[in-house]
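What follows is a short report on a single structure.
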Amino acid sequence: MKHANVSIFIPDAGCPHRCSFCNQKTISGAMHMPTLREIDEALQTAIQSGADPKTTEIAFFGGSFTCIDRTQMKTLLQHAMAYVKTGHFSGIRISTRPDGIDEEVLSCLQSYGVTAIELGCQSMDDRVLRLNERGHTAADTVRACRLIHDFGFSLGVQMMTGLPGDLDETAMETTRRLLALRPDTARIYPTVVLKGTRLADWYRAGLYRAQTVEEAVALCSRLLLLFEENGVRVIRLGLHSGGNVEDGFLAGPYHPAFRELCDNRIYLERSKELLRSLPVGDYTLCVGTAFLSQAVGQQKRNLLQLENAGYRVRFCTVDTLKRYELTLI
Ligand code: SF4
């Protein structure tokens, strides 16, 4: 079943300070805390456009939901809960910081019918967290994830790549440590330098080099595979193309179809792996029916790259093959 969110952005709300890379107003396009009337409008629009009540959740994103003023938090939840109770939506999800989680706030979220919590972990390396002024440690993330499990919420983790101080190996290690916390879902965001952030100042001063799209795809495709092969669904890869990202963009691996680039890369690497020990020539590789375009690549780039290496490949489809599975016939 395809899950969907009606996202309600609470830009920066509840955040104790601004992390080095963050400009929620640019990312979400939302300029202020939504009024109850605006929330109603968003939810009514979703209902009228046929949102499936069984699979659509109301999502409070874009800030640190559990750190906003408690009365305001309860008002928002009460409002959203009324729509869940009348059967228009399947649940409520929120995103917050690891240090915004404790028993008290989790029982409060539970009493308002919240079903899923997404944690902005960003890295499991304390040095990277410190350099990027996150204001929490990896130990806070471990503690928060355990509590979220204890209360029975669905757990989502969000991580970033290419932050100042981060390396491909530390990002791989972050993924391994996040997997050990048994999340249900993950989001991966390669760092994009947005105007109006401290990261933008560091970039302009020559203190930070952003990843290229190619570098970010090479790394994120490995992380994607690691999550998915361990049963964790990656529900987002790369910044959403909505909001004001195009206007606020300064540098970095922003691409509106970033996920697709990573999927293509996985198929390219797997094709190379299968063919590596074989002599150059013509081959047929099979992939799942739904994944043919990912295997071929945008503008047939995978086919061209394989051909450049001496392998003329034809892809055929087999219904039973799952995502990223490939066989040689
Ligand atoms: S806690 Fe999250 S939303 Fe708040 S400033 Fe940091 S990255 Fe942005």
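The values are calculated or read from the model by the stated rules, or taken from the named source; none is laboratory data. These figures come from a predicted structure and were not determined experimentally. Because the Cβ atoms are built from the backbone with ideal geometry, glycine has one as well, and the counts that use them run over all protein chains shown.
Going by the conditions given, is LYS25 assigned to a helix (DSSP H, G or I), within 16 Å of the ligand (Cβ to nearest atom) and in the same structural domain as PRO190 (by TED's automatic domain parsing)? It is true that LYS25 is assigned to a helix (DSSP H, G or I), within 16 Å of the ligand (Cβ to nearest atom) and in the same structural domain as PRO190 (by TED's automatic domain parsing). Of the residues making up the stretch 101-134, just one is more than 21 Å from the chain's Cα centre (by Cα) and on the phi > 0 side of the Ramachandran plot, namely GLY113.
Here the stretch 154-197 is the region considered, the condition is being within 11 Å of the chain's Cα centre (by Cα) and over 19 Å from CYS19 (Cα atoms), and the residue that is surrounded by the fewest Cβ atoms within 10 Å (Cβ to Cβ) is THR185.
Residue count for the stretch 287-317 under the criterion of being among the hydrophobic types (A, V, I, L, M, F, W, C) and over 20 Å from SER221 (Cα atoms): the result is 4. When you look at ALA13, is it within 21 Å of the chain's Cα centre (by Cα), within 16 Å of the ligand (Cβ to nearest atom) and farther than 18 Å from LEU239 by Cβ, yes or no? For ALA13, the condition - within 21 Å of the chain's Cα centre (by Cα), within 16 Å of the ligand (Cβ to nearest atom) and farther than 18 Å from LEU239 by Cβ - is met. Looking across the stretch 28-70 at every residue that is within 16 Å of the ligand (Cβ to nearest atom), assigned to a helix (DSSP H, G or I) and of a type outside the set (Val, Ile, Thr), the one that is surrounded by the most Cβ atoms within 10 Å (Cβ to Cβ) is identified as PHE65.
Every residue, every condition in (1) touching a residue at least 24 places away in the same chain (Cβ under 8 Å); (2) out of contact with any helix residue (DSSP H, G or I) (no Cβ under 8 Å at 6 or more places or on another chain); (3) not assigned by TED's automatic domain parsing to the domain that holds SER107, yes or no:
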residue: PRO16; (1), (2), (3): yes, no, no
residue: GLY29; (1), (2), (3): yes, yes, no
residue: ALA42; (1), (2), (3): yes, yes, no
residue: THR45; (1), (2), (3): no, yes, no
residue: GLN48; (1), (2), (3): no, yes, no
residue: PHE65; (1), (2), (3): yes, no, no
residue: THR86; (1), (2), (3): no, yes, no
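For GLY152, indicate whether it is at pLDDT 95 or above, within 11 Å of the ligand (Cβ to nearest atom) and small (Gly, Ala, Ser). Against the criterion (at pLDDT 95 or above, within 11 Å of the ligand (Cβ to nearest atom) and small (Gly, Ala, Ser)), GLY152 does not qualify. Scanning the stretch 222-238 for residues that are in contact with a Phe, Trp or Tyr (Cβ under 6 Å, 6 or more places away or on another chain) and either more than 14 Å from ILE27 (Cα to Cα) or of a type outside the set (Gly, Ala, Ser) (or both) yields VAL234, LEU237. The strands (runs of 3 or more DSSP E) located wholly in the stretch 203-312 that include 1 or more residues which are exposed (fewer than 15 other Cβ atoms within 10 Å of the Cβ) occupy 233-237, 281-288.
For the stretch 122-144, a tally of residues being buried (at least 18 other Cβ atoms within 10 Å of the Cβ) and under 18 Å from GLY63 (Cα atoms) returns 9.
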